[in-house]
Each structure stands twice: as structure tokens, then as C-alpha cells.
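Worksheet: one structure, shown below.
The values are calculated or read from the model by the stated rules, or taken from the named source; none is laboratory data. Just so we're clear, the structure is a prediction, and the values are computed from it rather than from any experiment. We place every Cβ from the backbone using ideal geometry, glycine too, and count neighbours over all the protein chains shown. Ligands, DNA and RNA are excluded from the accessible area calculation, which covers all protein heavy atoms including side chains. Shrake-Rupley method; radii C 1.70, N 1.55, O 1.52, S 1.80 Å.
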Amino acid sequence: MLEKFCNSTFWNSSFLDSQEADLPLCFEQTILVWIPLGFLWLLAPWQLLHVYRSRTKRSSITKLYLAKQVFVGFLLILAAIELALVLIEDSGQGTVPAIRYTNPSLYLGTWLLVLVIQHSRQWCVQKNAWFLSIFWILSILCNTFQFQTLIRTLLQGDNSNLAYSCLFFISYGFQILILIFSAFSEKNDSSNNPLTTASFLSSITFSWYDSVVLKGYRQPLTLNDVWEVDEEIKTKSLLSKFEPHMARELQKAKRAFQRRQQKNSQRNSGARLHGLNKNQSQSQDILVLEEAKKKKKSGTTTDGPKSWLVKALFKTFYIVLLKSILLKLVHDIILFLNPQLLKLVISFTSDRDAYEWTGYVYAILLFVVALLQSLCLQNYFHFCFELGVNIRTTIIASVYKKALTLSNLARKQYTIGETVNLMSVDAQKLMDVTSFIHILWSSLLQIVLSIYFLWAELGPSVLAGVAVMVLLIPVNGILTTKNRNIQVKNMKNKDKRLKIMNEILSGIKILKYFAWEPSFKDQVHKLRKKELKNLVVFGRIQAVITFLLYLAPVLVSVITFSVYVLVDSNNVLDAEKAFTSITLFNILRFPLTALPMVISSMLQAVVSIDRLQKYLGGDDLDTSAIRHDCNFDKAIQFSEATFTWEHDSEATVRDVNLDVMPGQLVAVVGTVGSGKSSLMSAMLGEMENVHGNITIKGSVAYVPQQAWIQNGTIKDNILFGSELNEKRYQQVLEACALLPDLEMLPGGDLAEIGEKGINLSGGQKQRISLARATYQNSDIYLLDDPLSAVDAHVGKHIFNKVLGPNGLLKGKTRLLVTHSIHFLPQVDEIVVLGNGTMLEKGSYSALLAKKGVFAKNLKTFLKLGSPEGEATVNDGSEGEEDDDSGLISSVEEIPEDAASLTMKRENSFRRTLSRSSRSSGRHLMSLRNSLKIQNGNVPKEEEELVKGQKLIKKEFMETGKVKLSVYLKYLRAMGWCSIFFIILAFVMNSVAFIGSNLWLSAWTSDSQIFNSTNYPASQRDMRIGVYGALGAMQGICVFLATLWSVHSCTHASNILHKQLLNNILRAPMRFFDTTPTGRIVNRFAGDISTVDDSLPMSFRSWMLSFLGIIGTLVMICLATPIFAVVIIPLGIIYVGVQMFYVATSRQLRRLDSVTRSPIYSHFSETVSGLPVIRAFEHQQRFLDHNQAGTDTNQKCVFSWIVSNRWLAIRLELIGNLIVFCSALMMVIYRDTLSGDTVGFVLSNALSITQTLNWLVRMTSEIETNIVAVERINEYIKVENEAPWVTEKRPPPDWPSKGHIQFSNYQVRYRPELDLVLKGITCDIRSTEKIGVVGRTGAGKSSLTNCLFRILEAAGGQITIDGVDIASIGLHDLRGKLTIIPQDPILFSGSLRMNLDPFNTYSDEEIWKALELAHLKSFVAGLQLGLSHEVTEAGGNLSIGQRQLLCLGRALLRKSKILVLDEATAAVDLETDQLIQTTIQSSFSHCTVITIAHRLHTIMDSDKIMVLDNGKIVEYGSPEELLKNPGPFYSMAKEAGIESVNDTTF
């Protein structure tokens, strides 16, 4: 039929059977024309419909669009001309075949369609339709055949079809031009992301990324160079897609879980066994905790709703999954064309009669197949990684969102570190697993297909080889599970080590004060030792696994070939069989290697998924008991309210009935642990409701007892996301007494505050926290002891200007928890709490008249002067202590105090590192050179940062190449000798590899000499034996090299960690002030684990791939020396691409880690400030901040992924060219080569692509991972403080007198700041008691820091008992002084460890100290006594108890000099009194320096030193100073002290 249609032969195979093969013209004009057209017409309608549905606004016309339209227009004209010619030619005789009419008409229709399609794409973001690009490619490929046929006809001199041929050639040219045009991308005004506008060809080859790579090569990339990700994969849209699925799946899972529970409760008989297992599952290395804790623990290990997370994720992202599955499938099928083509090429070279053109066709086919394979594989990877990033983003966002609503009970199960881990580690694990997930099914497919093709080659003898592989799988499985267990164990060690590190860094100040660093250093070293021991075992098992992997292919081929040759004497191994099989075995090797790895990473992901499910499925905060009613007559009403912190513990707030009218100021008073802060928390909905409810009218503002300060400027902290109202802002600053502080801080209110407010004094933080609440114009103010950390006169100022009857907040409802009795007469109503219940309530006068609890307590404090008064206090306190201890031992953890509430124990780790010790004093700048803030005008944003204003330095980010010195440092740590041996072993492996290949090709050449009948057995056995021996040698060499490198790498990471730890502990205090803890912890966590795990792996892989490639190239050159010519240009391109890529990739990885830290630090900041964020209802703002941060990080990760694909596709092209060139060589030189050489060269060339790809990946991996060494090295080089012990040791009993002399002593905090102490000279005699007073920032704390040499002198000196303290070692000095710091910092561990980390004192001494510190009854009442576990930062003790413990520490040390740093600021008056009494009695023989807030605490001192602006303004006994009017006199007057004995309030 088609013959008639064309009027010529349609198909005849004789056409191909010649040296000059060709296709019939009819075939070329029908089938080959209709294939592309059919493709286009089938797809066009769908696409047009799609464009119509999803159209955006039309974009402006570009030159590129016009060019394409014009050229298609030309094609249209050409088709019309051709049709016209045909009509002219055909004069109705019917001589012209039908095909000459139909084709031009088809083309006319098609070109019109193309014009319409191109026009319709104007409404799309992506101007180039993918199917049009494919159509052009198809069309050009199919027309090539006709093109060469027509040219041949013309060359033979046949001009009959000249006009038609010319038209064809012109339109062929135009099509090529249009294809070239459509390869370019058209920019779009709306989107700045080049990916969205990239043309089809550009996006499958990732060429749109070229500009970024070029930019990255010229100069290091910055965040602005990386474009934003698409809207649909931004965090917000991902979360909104995921959440509905999550909610649905979680509901289903919860229902299923309830059904399971009902079933289980019916099967009660098994419960006993169950209990047993529970106890076993608590591993021995966790110290036995109290029973109460155990109960809680076993309660939480029960299973919750299961397996909903994966379902929800799948439903959210299934489209990307399906796309990647499709690509992977295509790739896997194409993969198996290679061995078949190889077989054809070998048979072509062996067969001298084959036509030459078939060889070229095979070579081209090899290239095309490889190219398709590369495109599929890289785009598949791209989809996988994109999916991975999206999942990670979704998880991060969900965890953050969950954290904002999680109930306190659920939150208690996680420390902050663990929650941050969910976000960092677990999300990352899921991301890693998604990129490999398809290997599960694809490796099975590959295994089945390879076995099928191998069977075709070698028959049943394949089964022998496969059996070996199958046997190796369970062996590998056992080893991998063993390794997984080791890793789990190691994670525990790592967690413990990081927990200690966190505490060391949070309490570094205490460690320095007490010279305790060595004790903690040893603790860390012990854990690290365990960790490294596990690492070595892990490495050894890894080496065995590697050995087996290497041995597997060799063993398999040896066994298969031997069996094949031995089974039947007719079987002779020839080149076709051997090399095709080897290629197939190489394909098999990958799935068998990858499968165990994927399975083990799947198992890890399962653990992560469980943890995430438990967290995301946790209960939300139940605020149903808190009712908000706008039309209520009372501001706050408690009705029968009973609240608790944990369901099974006693209630902390019991049956409270309380009405607060709008606009009232109500004071809440009570002893430590009476539930004042819990009352506040109950109102905020932070506690579990037992019964009763609370009704609130209007919005709430909250000031926690421990101020929560964000890392940012002071202004940001006060505005807290609200609009700036300049007038109100200045009023608030003035009222909160912040103006004097702002004058001192560099940069005024734009001064940056470190994380956790590290560079502010306690008072400043408290006032900023108060200012934040005051600025937010709320209806109800909950103030949890905001006056505890400020001096008396500041407290008075704040009360009058903010809280009191005439303050800024007058007319608002205020609930004020306070210990300051002297404000009580001014409040409207007083509520007295005791043990969680309301004891009495009324106005000040009413309560006094009633003579109840309140009146009794007040009286006690008013007669402090008289001896019997003291007795009263003591009795009262002993009673209180007993009462308290009874409570505590019964309940695992009651926040007796707000501190433990606001920052429940998990938050401990951002517990402020001592507050005022870093008092702003360090920034003192005289007003002239500071920003002058006169009459409230805030200066315009200073262009120039004032020196010292930026506290936290930007994290130092290396740019450019990693220096050689870093590599050398690592290699030196490994040991040169080891390195030499490792390299030698790897080289031997390569040699054996080349040898075994050459041997195999010699073996296959036997098949030409002998035929199957006369093949000598001895020859055969020798061939098998040597081949096997060479294979075994490869395995053994790799095994030795791996083992050796494991040991030396572990050695290296041990050395690096030791150096890092030693150096960090010796860093001066200012290093910790200017470096956020997170950044240091990061070195110990991320960077050390990189050096432990990733670096050694990438180092080994790199060696193997590098030598493998060299080996392959050497072998190809041995076979065909001319190939060396091809290697040189390809090598140059390769190195070029590599250089371009590595520069960009490295910088992107750095940007990734720099943008990642803020996500985590913002998260941990959020978790610690949750009560505040929830109280102000700012959850949404924090969510948005987190999403913005995640998006910034996501764009870096995304860009990095693309850069990998960009590279891989280019490298694979080079690999494919190597294959193509070597195939061409084989065809060209086929007369001089034998089949075995061809097989040998090509089978190696085919495996080179993967290795090349891997090599560059490893090079960049090493570059990226070595950055960890670079960052560790940066901190190893941090300058140290003075040595701990010097040559000059003071006498053992020094200081025997405790006589301190300052002579013209000057000091500054950091070199760029002004002096804080400006020449202090004074003489403190032995056993004198000195009180130091002065406004915040006058340099009081700096004075103590100088005594301990936390700050080194800038001039002058201090001598103690005649020894200049600068001349002796720091530990000799600090070990002999004692301080009770302002912030009681405790470490997790036993009580005993907290008192005496070096185990120097006996138990008797410790109990004695505890007795003196009034803690004996409390500790004796604990189940475990001295071994009672203190949680992170002492979260399970109240602040008062912590302060008493610190007093205990001081009593133990019995040193001659004691410094008290505002030690009683956070304690109620009662505890304060206890401490004062103890100090008076126990330290009577010491020199005591007290830095005071409350003047009455120092009225009994021998001398008082008044500091102002770093100078001593007055120095003398209290009597003298009170007589003459001066600074001290006025301060005393403010505090209401007239004479020395008058210590009333």
C-alpha cells in the first residue's frame, strides 16, 4: 500500500547489505516524517489545555520569541512553496505520487500548530514547551536519513528532484536553528529564579546553572548570589500542604492506637512479663534514678500512634516520587543495553567480514545510550534530592510549630538539646534516606535482569556466582546490624559528652572561679575514650565489610568462570562471553553493595521517624481551663482552681478562689516554694488543670522571674515585634530606668545583646524584660518578681514610675509577685500564698489588723536587730526547710520557684552565665564619646557601628580554597608512616586489578588457539588459579589499607579533640562573652563527628576511585596507545570542570552551615522563652521568623544539590566521550586488535563513568569535610589565658592572713573598649569585712573579676599577703579564693559532685558544710542523699536552694578570702537572712568582700567602698559615710536607712 503511495520501493533489506548501506527514500519520507509529527499532534491538545488552565499574566515579547516565530513562519512559507510546486508540476496526469501532496499539507498544519503553541507559551512562566523541544530533536534526527540520501543522489549526478531537495535542505537548516533558539532560556520579569524560566534542554542538562558556577569561580558566592527557591517549595506552602494530611493521618493512627490499647488491656495476663522487660530496657549505664523518675520513664516508653508520619509525607509528595520512579525505571532498563552493545562490538571486531558502518553505528549507539542513561540518572537524582530537602524543610517547620503548642508534660521529656536534635539530626536522616529510597526496588530489578542476561551468556553456571553473592548478603547484614548497635551506643556517648560540654560552657565562669576545669576535662575525656573505642570497633567491622565487597565480584567471576569451564569440556571462555559477563557483574555489584547500606540507613530513619512521631503526636497545651471573656465584670477570676505540673504529682496550686477587679494592683507574697510563680503559670495556661477554671478579661503581658532576652538589639527586645511609637518608647525607657544604661552601652539601644542576654547584668535584663511588657499595651500584667535583681533605689524608681499607683501602668490590672516588703503599703490588695493555697487576702492595713500569717511574718522581719529576733528567724526557717524537704522527696519535681518554671529543667542550658558579672560596666563610655541621647532623641541609625556595639562577631567563614596547612595538620595527626603504608596498600590493590584484567584477556585469547576439544587441563587450571589469586590479593590489600586507616584516623580525631578541649578550657573569659555557646558546641558536635565519621570514609573512597581511574586509563593505553591523545583534552576539560565546581560547591556548603545555625539557635531560644511568647500571643511572628530562616537555608541547600547535578552531568559526558572514543578506536584499528583486547578496553571504559563521577564527589566531600578540621583548628588557635600553674608557686598555706592591696589598678573588658576600673588604690586588711556599692555598671563586679584574674590588669597590680597575683599560676590563685556568685550555677550530676568535683573532702566535711548552709535537713530527706541527681543547671532545685548550695561550696573550701557577688539578689528575705547569719559566723576569720544590692546587707561591714564610673568615690566605715552627705548617704536615704543600726526596710 505504501509502495503505491510513494510510487517507489518502501522496504528492501538488500539496501542494508552492502558497504554503502542506505534506507529506501519512501521509508524515509513516510515513517520517518510521521513519527515526529504524530508525537506533536498527540501531545499538543493536552498541553494547550494545561496552559489555558494555569495561565498567568502575559509577558512582554522578547527578541527570542520573535526569532522563533519568524523562523517557523519561514518553514510555513517553504511548505506552501513546495505544495505550489507540486500543483504546478502535476498537470492532472496523476504522475506525481500522493506522498508529495500529503507531506507539505501535513507540514503546513504542523507549522501553524507550532506558531499557536509558541504564542500560547507567552502566558506561561516557562516559555519553552518541553514537548516542542523533543519534537525538534526527533524531527532533525529522522530527517538526517533523508538528508544524506538526497545528498548521495545529487552526488551521483541525478538532478531530477533538485527543487524538492533544495527546499528540504533549507527547511532542515531552519529546524536546526529553531532547536538552537529553543535551547536558550527566556528571562521572565516576575521570577528571578532561573530554573523556572529555563528551557527544556537547559533544565535537563542543568545549563541554567552555569552563571552561578561562573560567579562562584570568580569570587566566593554570598547569600545574595543564590536565588530564592520557588514559591511552591517555600516552607510556608510545604507546611500548608502537609498539615491537612498530617492531621488526618494522626487522627486515624490515634484511633488505631486506642483500639490496640483496648486489646492490650484485655490481655492483662502478660503484664507481669511486660514489666520485667521494661526494667531491662533501662540500660545499666543510666544511673539508677529515683523511683518516681523510673515510674515516669517507664510510663513514657509506651508506644503511641504509629506509622502515620510516612503516610502523611507520602500523600504530600507523591507526585515527585512518581516522577523519580519513572526516570529510575527508564535508567535501569537502558543500563542493560550496554553489555549487549559491548557484545556486538566484540563480535564486530572478531568478524573480519562485517561492514565497517556497523561498527560506527555501534559506537554511536553506545554513546547515545550512555547519554540517555546520564540524563535519566541525573534528573532522577535531582528529583530525589529535591524531595529530600522538601521533607527536611517540612519536618523542621512542623517541629517548630509543634514546639509552640506542646504541653509542658510532653515538653519535659525532652531537654532543649534533644528537641534541637529532632530538627537537626532526625530531619537530616529523613532527607538522606529519601535520596536512596528507590534503590530498594531498583536494586531488586537490576539483580533480576543481570541474572537473566548472565544466564543467556553462561547458562546455569551463573547460579554458582549468584549463590556466593546471596551468601554474602546475610553476612553483610549481620555486620551492618552490629555496626548500627555500635553507632547507637556511640550516639549515647556523644549525647552525654555534648551535655557535659553544654554545661561546661554555660558554667564556664564557675569553673574558672573555682579552678575546676581539670575535673570536668577528665569527665569529657572519659566519655571520649569510650566513644573512640567504639569508633575503632566500628571501623574494623567496616573494614571487613569493605573486604567482602571487594572480594565479592572477584570471587563471583572466578567461581562462575571456573564452574563454566569445568562443567563441560565444550565450554571455552571467549572474549564475548567473558567481558559481557564482567560488565554484567559490575552492574550487579552496585545493587548488592547499596542494598545493605540503604537498609541500614532505612533502619536509622525508622528510629528518627519514631522520635518525630512521638514528638509531633505529643499532647498539645490544654488551655481549656483558661477562659477569655471580653464582657466579664472582673479582670481575673479564679474559681476552685487547682493546677499541677504533672498529672500524677501533687497539685502546686490548690483550690484558689480569687477575684481581681479591673485596674487593681495585687501583690502576691509567700515563702520560697509557696506556689507564687505557679499561680502565674496557671493563668498563662502552662500547667495541667485538675479542676476549676480561671476567667480572664483582655490581653495579657508577662514578666518572668528569670528574664528571657533574645539575641538582637535592645530596641528589638523591647518592641518585641510591635510598631515603634517614639514617644511611648522613650517613656518606657525612662520609667524602667534604662536611660543611664543605654548611655553606657556602646550604640545605645542598638547595642547587640548576646544570646541569653549574656552581656547584660541581671538588673538590666530584668528591666528590659519589664520594658517589653510595659511597651505592649496589654490589659493585664503578670509580674513575677521583676524587682528581685535590681538595686533598692532603682527598684523604688521602677515601682513609682511603672508598677505603682502613679506609674505608666496605672489603670491596668497588675499581679505582682514580690519579696520587697516596703512596697506593700501602696498596693490595693495582698494575697498571701502558702504551699499552693491562698492563706489570706486583703489590703495591707486589713491584714496587719487581722494578725494572721502575714502580720506574723512581717513582724519577724521587722525585729531583725534583736538577738531573739534572730532566733525566731532560724526556728521559722528550720520549720520551713523540713516542710519543704518533705514536699520535695515525695514529688519528683515541683518548681517551687519560678525559675524552675519559666525555664523548666530542660531549658536549663541557656541559663544565664552569671548575670551582672558581665555587667555592662565593660562598655562604660563617657557620655561625650558615646552616642549622646539628649532629651530623648534617639540618634539616626549610625552609619558606623560604635566600637564594641557588635558583641557577637559574625561567625568567621573561610572563603576560597582550604589551605594546604589544614590538610597537613590532619595528615600529621594521622602519622606520616601510616599514610605511606595506607597508600602503598591501595596502590598494590590497583596493580592487582590491572593484572587480573590482563590475565583475563590472555585467558580469553586461548579460545582462538585451542578449540574446545584440545584445551589442556593444566592450562585451564593455571588460568583459573592465577585469576583467583590476583582477585584475592585485591581484597586483602583493600582490607589492610582500610584497617590501617581506621586506626590512624581515630588517632587523628583523638588528638584534635584533645587539643580543642584543652584550648577551649584555657580560653580567656572574653572569648566566651563574644562567642555564642552554640558556636562552640557546634565544634564539639558537628565538626568532631565529621572528623570521626565522614572524613576517614571520604579519604578512603577518594584513594580507591583515584587509583581505579588511573588503572583503567593505563589499561586502555596499553591496548591502544593512540588513546593517550584523547585522554589529554578530556583530562583538561575534567580538571577545568572540577575546579569550577569545587569553588562553588565549597562556598555553598559553607553558606549552608552558616544559614543553618540560626535556625537551631532561634529554635532553642524559642523553646526557652515559650511562656513569654505564648503569653504575648506572638506565636505567629516566631513561626514566620523560623520559616524565613528555613527558606534562606533551603535555597543554599537547593543550590548545592543543583551544583552536584550540574557537575555530574558534565563529568558523565566526559566519561561517555571516553567510551565513545575508545569504541571508535576499536572500529578504526580493528585489523590490529583481537576481540579480547576490545572487550577488555570497553568493559573498563564503561565502568569509568561512575568512577569519575564518584571521584569528583569525593574530592568535594573531602574539601567540605576538611572544613571541619579548619574550624576546629580555628578554635585550637584561640589565645589562652595565663598558665594554670607557673614556675613560681606560692607557699602552701598562702594566703594566711588575707590582706589585699590594690595599687592604681586599671582594667578593661576587651582591648577595643574603654577602661572599666580607672586606677583603684585601696588596702583591705586581714579579716576585714568590706561592702562594695554603686549603681549598676559602676564596676562592682569587675572588681571581683580582677581578683580572680578573669580580667587581666591593664595597669597597676593587686597583691595578696605580699604576693603579686599576676606572678603566680591561675589555679594557684583561684584555688585559694572563694566566691559565691550572683547566679547559682549547678551542673548535672550528683549533689556531691556539685560540691566537690575532685573528691577531696570526706563525707563528714560535706555534711558539716551542708548543715552550716541550712541544707542538711533537705538533703537528708532526699532518697539518695548526697547522690541525689541534679538535673541540667539545677532545674530540680529552687533558686533559693541553689543559692544555699553555692554557700555550701564556699564553706567547704575554707579559704581566707571570700567574695560575695550580690549573692542574695534572687532569694526571699528569709533565705537572705540565713545566708547572712552563716557568713557572719562561719567566715569571721576571713576577709569578706560583699557586692551588694540591698544596703542593709552591708551595714555591718567594717568598711564600705562606693564605686562610680570605675573609680572609688568614698571609702570608709558606714558610720563615717553616713555622717557626711555624699553618694553613700543619698543611697542610704533612698533605702530608708538613717543610722547603722537602723536596718529595717
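Which residues, counting only those in the stretch 559-582, are open to solvent by less than 20 Å² (accessible area, probe 1.4 Å), at pLDDT 80 or above and touching a Gly at 6+ places or on another chain (Cβ under 6 Å)?
Hit for the stretch 559-582 is 560, nothing else.
Please go through the stretch 500-526 and pick out each residue that is under 21 Å from residue 759 (Cβ atoms) and assigned to a helix (DSSP H, G or I).
Matches in the stretch 500-526: 502, 503, 504, 505, 506, 508, 509, 510, 511, 512, 513.
What is the residue count in the stretch 1225-1240 for residues that are open to solvent by 10 Å² or more (accessible area, probe 1.4 Å) and among the aliphatic types (A, V, I, L, M)?
Count: 3.
What's the number of the condition residue 856 fails, among (1) modelled with pLDDT of 85 or more; (2) among the basic types (Lys, Arg); (3) over 51 Å from the mean Cα position of the chain (by Cα)?
(1)
What pairs can you find where one residue is in the stretch 604-626 and among the polar types (S, T, N, Q) and modelled with pLDDT under 85, the other is part of a strand (DSSP E or B) and open to solvent by less than 70 Å² (accessible area, probe 1.4 Å), and their Cβ atoms are less than 9 Å apart, with a gap of 6+ or different chains?
Between residues of the stretch 604-626 that are among the polar types (S, T, N, Q) and modelled with pLDDT under 85 and residues that are part of a strand (DSSP E or B) and open to solvent by less than 70 Å² (accessible area, probe 1.4 Å), the close pairs are 623/689.
As an exercise: evaluate residue 772 against (1) of a type in the set (D, E, K, R); (2) open to solvent by 10 Å² or more (accessible area, probe 1.4 Å); (3) at pLDDT 90 or above and give the number of the one condition it does not meet.
(2)
Can you tell me how many residues within the stretch 1123-1155 are free of Cβ contacts under 8 Å to residues at least 60 places away in the same chain and under 30 Å from residue 405 (Cβ atoms)?
Of the residues in that region, 1 qualify.
Can you name the condition, by its number, that residue 229 falls short on among (1) open to solvent by less than 40 Å² (accessible area, probe 1.4 Å); (2) at pLDDT 90 or above?
Against the list (1) open to solvent by less than 40 Å² (accessible area, probe 1.4 Å); (2) at pLDDT 90 or above, residue 229 comes up short only on (2).
Within the stretch 1483-1528, considering only strands (runs of 3 or more DSSP E) that don't extend past its boundaries, which have at least 2 residues that are without any contact (Cβ under 8 Å) to a residue 24 or more places away in the chain and of a type in the set (S, T, N, Q)?
Details: elements: 1487-1491, 1503-1508, 1511-1516.
By residue number, no strands (runs of 3 or more DSSP E) qualify.
Is it the case that the stretch 1004-1021 has a residue that's at pLDDT below 85 and aliphatic (A, V, I, L, M)? Talk me through it step by step, then tell me what you get.
Going through the stretch 1004-1021, the residues at pLDDT below 85 turn out to be 1004-1021.
Then keep just the ones that are aliphatic (A, V, I, L, M); that gives 1009, 1017.
Yes.
Conditions tested, residue by residue: (1) more than 20 Å from residue 576 (Cβ to Cβ); (2) assigned to a helix (DSSP H, G or I); (3) modelled with pLDDT of 85 or more; (4) open to solvent by less than 10 Å² (accessible area, probe 1.4 Å).
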{"position": "1192", "(1), (2), (3), (4)": "yes, yes, yes, no"}
{"position": "1200", "(1), (2), (3), (4)": "yes, yes, yes, no"}
{"position": "1203", "(1), (2), (3), (4)": "yes, yes, yes, yes"}
{"position": "1210", "(1), (2), (3), (4)": "yes, yes, yes, no"}
{"position": "1242", "(1), (2), (3), (4)": "no, yes, no, yes"}
{"position": "1246", "(1), (2), (3), (4)": "no, yes, no, no"}
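Taking the stretch 17-26 only, how many residues are under 18 Å from residue 147 (Cβ atoms) and open to solvent by 40 Å² or more (accessible area, probe 1.4 Å)?
The number of residues fulfilling the criteria is 2.
Here's the yes/no breakdown for (1) more than 30 Å from residue 532 (Cα to Cα); (2) among the aliphatic types (A, V, I, L, M); (3) modelled with pLDDT of 80 or more; (4) not in a helix (DSSP H, G or I):
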residue	(1), (2), (3), (4)
1023	yes, no, yes, no
1060	no, yes, yes, no
1085	no, yes, yes, no
1090	no, no, yes, no
1095	no, yes, yes, no
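Would you confirm whether any residue within the stretch 1432-1452 is out of contact with any Gly (no Cβ under 9 Å at 6 or more places or on another chain), open to solvent by 10 Å² or more (accessible area, probe 1.4 Å) and charged (D, E, K, R)?
no
Considering only the stretch 346-377, state which residues are over 14 Å from residue 1225 (Cα atoms) and of a type in the set (D, E, K, R).
351, 352, 353
Of all residues in the stretch 1415-1439, count the ones that are hydroxyl-bearing (Ser, Thr, Tyr) and under 21 Å from residue 412 (Cα atoms). Give the steps one after another, and end with the answer.
The initial filter retains those residues of the stretch 1415-1439 that are hydroxyl-bearing (Ser, Thr, Tyr), namely 1417, 1427, 1431, 1438.
Filter once more, keeping what is under 21 Å from residue 412 (Cα atoms): 1431, 1438.
Selection size over the stretch 1415-1439: 2.
Exactly one condition in (1) closer than 26 Å to residue 1176 by Cα; (2) open to solvent by 30 Å² or more (accessible area, probe 1.4 Å); (3) not basic (Lys, Arg) is not met by residue 385; state its number.
Among (1) closer than 26 Å to residue 1176 by Cα; (2) open to solvent by 30 Å² or more (accessible area, probe 1.4 Å); (3) not basic (Lys, Arg), residue 385 violates only (1).
Regarding residue 640, is this residue in contact (Cβ under 8 Å) with a residue 24 or more places away in the chain and either in a strand (DSSP E or B) or surrounded by 16 or more Cβ atoms within 10 Å (Cβ to Cβ) (or both)?
yes
Of all residues in the stretch 678-714, which are open to solvent by 10 Å² or more (accessible area, probe 1.4 Å) and outside any loop (DSSP other than H, G, I, E, B)?
Once the filter is applied, which keeps residues that are open to solvent by 10 Å² or more (accessible area, probe 1.4 Å) and outside any loop (DSSP other than H, G, I, E, B), the stretch 678-714 yields 684, 688, 689, 690, 691, 692, 693, 695, 700, 712, 713.
Restricted to the stretch 148-175, and to residues that are closer than 30 Å to residue 45 by Cα and in contact with a helix residue (DSSP H, G or I) (Cβ under 9 Å, 6 or more places away or on another chain), which residue is least open to solvent (accessible area, probe 1.4 Å)?
Ranking the qualifying residues of the stretch 148-175, first place goes to 175.
Can you name the condition, by its number, that residue 810 falls short on among (1) crowded, with 20+ Cβ neighbours inside 10 Å; (2) of a type outside the set (Ser, Thr, Tyr); (3) out of contact with any helix residue (DSSP H, G or I) (no Cβ under 7 Å at 6 or more places or on another chain); (4) modelled with pLDDT under 90?
If we test residue 810 against (1) crowded, with 20+ Cβ neighbours inside 10 Å; (2) of a type outside the set (Ser, Thr, Tyr); (3) out of contact with any helix residue (DSSP H, G or I) (no Cβ under 7 Å at 6 or more places or on another chain); (4) modelled with pLDDT under 90, just (1) comes out false.
Which of the numbered conditions does residue 274 fail, given that it passes all the others? Conditions: (1) out of contact with any Asp or Glu (no Cβ under 6 Å at 6 or more places or on another chain); (2) modelled with pLDDT of 90 or more.
Checking residue 274 against (1) out of contact with any Asp or Glu (no Cβ under 6 Å at 6 or more places or on another chain); (2) modelled with pLDDT of 90 or more, the one that fails is (2).
Where in the stretch 342-457 are there helices (runs of 4 or more DSSP H), lying fully within it, with 3 or more residues that are within 42 Å of the chain's Cα centre (by Cα) and farther than 26 Å from residue 620 by Cα? Before the answer, list the steps.
Working: elements: 356-405, 408-412, 416-421, 427-436.
Once the helices (runs of 4 or more DSSP H) in the stretch 342-457 are filtered for at least 3 residues that are within 42 Å of the chain's Cα centre (by Cα) and farther than 26 Å from residue 620 by Cα, what remains is 356-405, 427-436.
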